[in-house]
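S.K.: Below: one structure in C-alpha cells.
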C-alpha cells in the first residue's frame, strides 16, 4: 500500500516536472494559473503546520510541540539556517517533555 | 558558481538527514524512504506524504497532497524551458532536476549559458547529496525507538514553517494561510487523516480563482530547501 502510494506520487510529481518543460509558455501568462500556483503551496504548508502541531490522530491537542514551533518561529525571524530551525524545534520540544 | 552549487547541495543533504529519519519514524521502511528521494525528488512533497502516513492516514491521501505540492515544479519548468531549451531524451533527465533551488539558481544568472551551468550544477549536487542524506538519515532513524522523545514530531511542522515563511509576502498569503489552517484543524476530528490537507488545497485553489488585485510571482526563493 505504501509502495503503491510512493510510486504513484513519484510518477505524478515527475510528470508535472516534465509537463512544465514541455508545455507552451503562454499558459504561465494566465494570471489565474500564476495565482493558483502561488497560493496552493501556502495553503498546503499552513494546513500541514496546523495539523502536525495541534493534532494527534483525530484529536485536537496542545502539547510540547507548540513550544517547539514557537521556538522555530523565533529562529526563522533571526534568519537561522533551515537545519538550525528544525533542530531548535526538536530540541525545545524534547526538553519540555523531559521537565 | 560550482562552489555555490555544492554549498546548497550540502545544506539540502543535511536537510535530507532529517527527512530520512522522520520518514522511518513515520513508518516507512528504508527502501521506501530512499525510493521517495530517488524518484520523487522534491522535498516538501516527500514530507507531506510521510506526514500523512505517520499520522495514520491513507497513503494515497498523502500521495495526493504530495502531488499538489509538486505542481509548483511544473510552473518552474514553464519558466525554465526557454532558458534550458532541452529536447528529446535530455529533457527526460533534466525534468527530474526541476526543483526550488535549481530553478532559483538558474534564473538568478545574468545570461542563458550561466543559467544552464547553474541549473545543472545545483540540480546534480542536490540530487546526489539529497539521496545520500536520505539513506544515512533513514539508517540512523531506525536506531531511534521513540521519535517523540527527541522532539522529532515537532521537526516536520518546523520544517514546513521554514518553507512557508519566505512565501508570506503579502496580506493575501496570510489570509489564505489562516483560512487553510483553520479549515484543516476544524476538519481533523471528522474526516480520515490526509483529507484535511486536501481541503486546505481546495481553499488555496478557490482563493487563486478569485480575481485578485495582484498576479503573484512563481519564482522560488533561494532560502528554501528542496
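S.K.: Please compute the length gained on full extension between residue B:114 and residue B:178, using 0.36 nm multiplied by the number of residues separating them and subtracting their Cα-Cα distance.
M.R.: Gain in length upon complete extension: 19.1 nm.
S.K.: Can I ask one more? Report, largest value first, the span of the C-alpha coordinates of segment A:1-50 along each principal axis, in whole Å.
M.R.: 39, 31, 10
S.K.: Right, next: Give me the number: length gained by fully extending residue B:85 to residue B:38, i.e. 0.36 nm times residue separation minus the C-alpha to C-alpha distance, one decimal in nm.
M.R.: Taking 0.36 nm per residue and subtracting the Cα distance, the gain is 14.5 nm.
S.K.: Can you give me the Cα centroid spacing of segment B:126-170 and segment B:22-101 in angstrom?
M.R.: 15 Å
S.K.: Taking the simple approach of a point 7 Å from Cα along Cα-to-Cβ for both residue B:210 and residue A:15, what is their distance in nm?
M.R.: Roughly 3.1 nm, to one decimal.
S.K.: Residue B:2 to residue B:139: FRET efficiency via 1/(1 + (r/R0)^6), r the Cβ-Cβ distance, R0 35 Å, to the nearest 0.05?
M.R.: So, using R0 = 35 Å, E works out to roughly 0.75.
S.K.: Which ordering of B:130, B:174 is given by a fewest-first count of other beta-carbon atoms within 10 Å?
M.R.: B:174, B:130
S.K.: On to the next question. In a Gaussian network model over chain B where Cα atoms closer than 10 Å are linked, find which of B:187, B:102, B:18 has the largest mean-square fluctuation.
M.R.: Among B:187, B:102, B:18, the largest mean-square fluctuation in the Gaussian network model of chain B belongs to B:187.
S.K.: Also, quick follow-up: Mind checking the angle between helix A:2-22 and chain A's longest principal axis? C-alpha axes, 0 to 90 degrees, to the nearest 10.
M.R.: In chain A, helix A:2-22 runs at an angle near 50 degrees to the longest axis.
S.K.: Can you give me the three principal axis dimensions of chain A from its C-alpha atoms, in Å, biggest first?
M.R.: Each principal axis gives a Cα extent; for chain A these are 57, 38, 24 Å.
S.K.: Determine, for A:95, B:164, the number of other Cβ atoms within 10 Å of each Cβ, and report the residues in order from fewest to most. Walk me through the numbers on the way to the answer.
M.R.: On the way: A:95 14, B:164 22.
In order of increasing Cβ crowding within 10 Å: A:95, B:164.
S.K.: Please identify which residues in segment B:143-175 have an amide N closer than 16 Å to a label point set 7 Å out from the Cα of residue B:107, following the Cα→Cβ vector.
M.R.: The answer is B:166-169.
S.K.: Separate question: By count of other Cβ within 10 Å, fewest leading, how are A:29, A:63 ordered? Each step should come with its number before you reach the end.
M.R.: Details: A:29 11, A:63 16.
Placing the least packed residue first, the sequence is A:29, A:63.
S.K.: Then there's this: For n ≥ 4 DSSP H runs only, could you compute -39500 (n - 2.57) per run for chain B, divide by its residues and tell me the 222 nm figure to the nearest 500?
M.R.: Working: 10 runs with 160 residues, N = 226.
After summing the helix terms and dividing by residue count, I get -23500 deg cm²/dmol.
S.K.: Could you check the spin-label model distance between residue A:84 and residue A:3? Points 7 Å from the Cα along Cα→Cβ, value in nm.
M.R.: Going by the 7 Å Cα→Cβ label model, 4.3 nm.
S.K.: If you don't mind, there's one more thing I want to ask. Taking every eigenvalue of the Cα gyration tensor of segment B:49-154, multiplying by 5 and rooting it, what semi-axes result, largest first, whole Å? Present the calculation step by step, with values, prior to reporting the outcome.
M.R.: Numbers: eigenvalues 217, 59, 28 Å².
Taking √(5λ) for each eigenvalue gives 33, 17, 12 Å, largest first.
S.K.: Continuing with this model, one more query. Classify segment B:1-87 as rounded, prolate or oblate from the Cα gyration tensor: take a ≥ b ≥ c as the square roots of its eigenvalues, call it rounded if a/c is under 1.5, otherwise prolate when a/b beats b/c and oblate if not. Could you put the intermediate results ahead of the total?
M.R.: Values: a/c = 2.78, a/b = 1.43, b/c = 1.94.
Oblate is the answer for segment B:1-87, as a/c is 1.5 or above yet b/c matches or exceeds a/b.
S.K.: I've got another one for you. What would the Debye equation give as log₁₀ I(q)/I(0) for the protein assembly as shown at q = 0.07, 0.11 Å⁻¹, counting only Cα atoms as equal point scatterers?
M.R.: The computed values of log10 I(q)/I(0) come out as -0.25, -0.63.
No lab work stands behind these numbers, since they all come straight from the coordinates. What you see is a predicted model, and the numbers here were worked out from it, not measured in a lab. Cβ: placed from backbone, ideal geometry, glycine included. Neighbour counts: every protein chain shown.
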